[in-house]
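K.L.:
Structure incoming, see below.
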Amino acid sequence: MQPPSVFAVAQATLNEAGRLGGIDERALEVLQEPKRINSFRLPLKLEDGSFRVFPAHRVHYNDALGPFRDGTRIRPDLTLDEVKALGIFMTIKHACADIPAGGAKGGIQADMAALSPRDREALVRAYIRHLQPKGPWVDVPGADIGTGEQEMSWMLDEYEQITGEHCPAALNDKPFALGGSLGGEAATGRGVFLVLRAAAGERGMGLEGLTAAVQGFGQVGSELAQQLHDAGARVVAVSDVHGGVFRGDGLDIPALRQQARTHGTIGNFPGTEPIDNDSLLAAEVDVLVPAAVHDVIHEGNAGTVRAKLVVEAANGPVTTAGDALLAERGIPVVPDVIANSGGATVCHFERSQGLSDESWDLERVNRSLERRILAAHAAARDTAAETPGASLRHGAWIHALRKVERAMQLRGWI
Ligand code: NAD
């Protein structure tokens, strides 16, 4: 049997949280599918003289709480199902963090690594020309897998060339020089660190000497590993798509990050043993952090997890069946919609800075991030505690759904 799609898993969480939290059935009905899906095709004449058409999407999931907002994913196997799932995650994430924004997501099905720099730029600019975003009060695209500061700079420039006016608040995840926020790149990893520290602390585990395994050593996983390392924790295993490295006394994270930057991988690092991704998930550690891709902990391997706590840095890394098995075994899971919301939160600050023509210092960004993300974690925990049968994930979704439900009632939608 085919495993459920990532959007089916998101719908299952929505419906279970809705049932447990007594959410109005009309609100749940609205949230079963996105408000609007814009699917389009980008024709492109490539530099080598060939011609390709790239499928693209922008999903507007729900905007009861504010303008649509969030990332643009570019990868060769991108599906609409995945973009819809990310759209509902963003709706919940913004509501959890008390951000007055709705949830959206977009993307292009393309292999950026196979395109020349000129073709990459042409593709990203074509995306904005075809999408024609309407600015900061309607829909604010940002970055995701396959897009970074350079792609967001091209998108901003294309948008401003079309509209004829400067409006940095129309696009998120820009570099600082074009109106981006300080602390933006580290924000998700830092947010995961803050939530992990709080959740571990509540379970009697301090960071000094705490052991952790991190799957995925990209922007999020490597930043988190660095912050854990700096706080005195022992990060004993990390991995990337090719496999991982293990060292019982703790890995030298700054040196590993340097190797990843210079060689593009972490394998064969001196003084470490190799570890594959399955073994990493089963490592005997205090905290396990999946920070790579979705669906990595499932019915088939949740029984092998030996960590005392799982913190979801990736979006959707634990399937519904995996979640149930972990709950049965008494292993708490801090859900993605809380743990990795640091990036969305600093995007909110980025838009605010753009609208007010101001630039916050790093201390203000980090202080505001910490306050918001810890409040979201506490609200999810308290909601779970007062709702019979609810996990921390349900607590987060119920807390968010109540806000979206109220906004839809006040607007007269339901
Ligand atoms: P990234 O591309 O920088 O890094 C991803 C890492 O995962 C790389 O080390 C890659 O080698 C590894 N990886 C890929 N496939 C793998 C596999 N099958 N098994 C093991 N490792 C694998 O991405 P990122 O920005 O660090 O994002 C990681 C996750 O966090 C994604 O799920 C993303 O949706 C989520 N997330 C990211 C942000 C952000 O701000 N970057 C925000 C919220 C959520």
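Laboratory data are not the source of any read-out in this text; all were calculated from the coordinates shown. This one's a predicted model, so the numbers in the text were calculated from it and none came from an experiment. Cβ placement follows ideal geometry from the backbone for every residue including glycine, while neighbour counts extend to all protein chains displayed.
K.L.:
Give me the number: length gained by fully extending Arg19 to Leu374, i.e. 0.36 nm times residue separation minus the C-alpha to C-alpha distance, one decimal in nm.
P.N.:
Gain on stretching Arg19 to Leu374: 125.2 nm.
K.L.:
Only loop residues by DSSP count here, and only those with at most 11 other Cβ atoms within 10 Å; note down the trypsin sites (Lys or Arg not before Pro) in the stretch 56-162 that meet that.
P.N.:
none
K.L.:
Another question, if that's okay. Rounded to the nearest 20 Debye, what is the dipole magnitude of the chain about its Cα centre when Lys and Arg each give +1 and Asp and Glu each give -1 at the C-beta?
P.N.:
Here the chain has a charge dipole of around 720 debye.
K.L.:
Among Ala12, Tyr61, Gln32, whose Cα sits farthest toward the positive end of the charge dipole of the stretch 3-132 (+1 at Cβ of Lys/Arg, -1 at Cβ of Asp/Glu, about the Cα centre)?
P.N.:
Among Ala12, Tyr61, Gln32, the one farthest towards the positive end of the dipole of the stretch 3-132 is Tyr61.
K.L.:
Still on this structure: Is there a quick way to get the dipole size of the stretch 285-340? I mean about its Cα centre, with the Cβ of Lys and Arg at +1 and of Asp and Glu at -1; what is the value in debye to the nearest 20?
P.N.:
The dipole magnitude comes to about 180 debye.
K.L.:
Further question: Could you tell me which of Ile162, Leu78, Thr211 has its Cα farthest along the dipole of the chain towards the positive end, charges placed at Cβ (Lys, Arg +1; Asp, Glu -1), taken about the Cα centre?
P.N.:
Ile162
K.L.:
Please tell me the relative contact order of the stretch 35-167 in percent, rounded to the nearest whole number, where contacts are Cα pairs under 8 Å and at least six residues apart.
P.N.:
Taking the mean separation of contacting Cα pairs over the length of the stretch 35-167, I get 27 percent.
K.L.:
Cut-off 10 angstrom, C-alpha nodes, Gaussian network model of the chain. Which of Asp336, Asp48, Asp230 fluctuates the most?
P.N.:
Asp48
K.L.:
Still on this model: Choose one of Val235, Ser391, Leu362: the residue whose Cα lies farthest towards the positive end of the charge dipole of the chain (beta-carbon charges +1 Lys, Arg; -1 Asp, Glu; about the Cα centre).
P.N.:
It is Ser391.
K.L.:
Still on this structure, please answer the following. Using only the Cα atoms of the stretch 10-98, build the gyration tensor, take square roots of its eigenvalues as a ≥ b ≥ c, and label the shape rounded, prolate or oblate: rounded if a/c is under 1.5, else prolate if a/b is larger than b/c, else oblate.
P.N.:
Verdict is prolate for the stretch 10-98.
K.L.:
Ok, one more. Between Ala143, Ala384, Ala114, where does the largest GNM mean-square fluctuation fall for the chain, given springs only between Cα atoms within less than 10 Å?
P.N.:
In this elastic network of the chain, the residue with the biggest mean-square fluctuation among Ala143, Ala384, Ala114 is Ala114.
K.L.:
Given H placed on each backbone N at 1.01 Å, which residues far from Asn62 in sequence or on other chains put an amide H within less than 5 Å of it?
P.N.:
Here Lys35, Gly103 satisfy the definition.
K.L.:
Normalised by the residues of the chain, what does the relative contact order come to in percent, with Cα pairs under 8 Å and at least six apart?
P.N.:
17 percent
K.L.:
Length gain on complete extension for the stretch Ala255 to Glu363, per 0.36 nm per residue less the alpha carbon to alpha carbon distance?
P.N.:
36.3 nm
K.L.:
Here is a further query. Identify the GluC sites (Glu not before Pro) of the stretch 261-340 meeting these criteria: DSSP loop state and at most 14 other C-beta atoms within 10 Å of the C-beta.
P.N.:
Glu284, Glu299
K.L.:
Cα gyration tensor of the stretch 187-339, axes a ≥ b ≥ c as square roots of the eigenvalues: rounded (a/c below 1.5), prolate (a/b > b/c) or oblate?
P.N.:
Cα axes put the stretch 187-339 in the prolate bin.
K.L.:
Testing the spin-label approximation: label points 7 Å from Cα along Cα→Cβ at Glu208 and Leu178. State their distance in nm.
P.N.:
So the two model labels end up 4.6 nm from each other.
K.L.:
Number of Lys pairs in the chain with C-alpha atoms less than 25 angstrom apart, excluding same-chain neighbours closer than eight positions?
P.N.:
For the chain, the number of qualifying lysine pairs is 19.
K.L.:
Stretched out fully, how many nm does the piece from Ser5 to Lys45 gain, at 0.36 nm a residue minus the Cα gap?
P.N.:
11.1 nm
K.L.:
Within the stretch 13-59, report the GluC sites (Glu not before Pro) that DSSP leaves as loop and that have at most 15 other Cβ atoms within 10 Å.
P.N.:
Glu47
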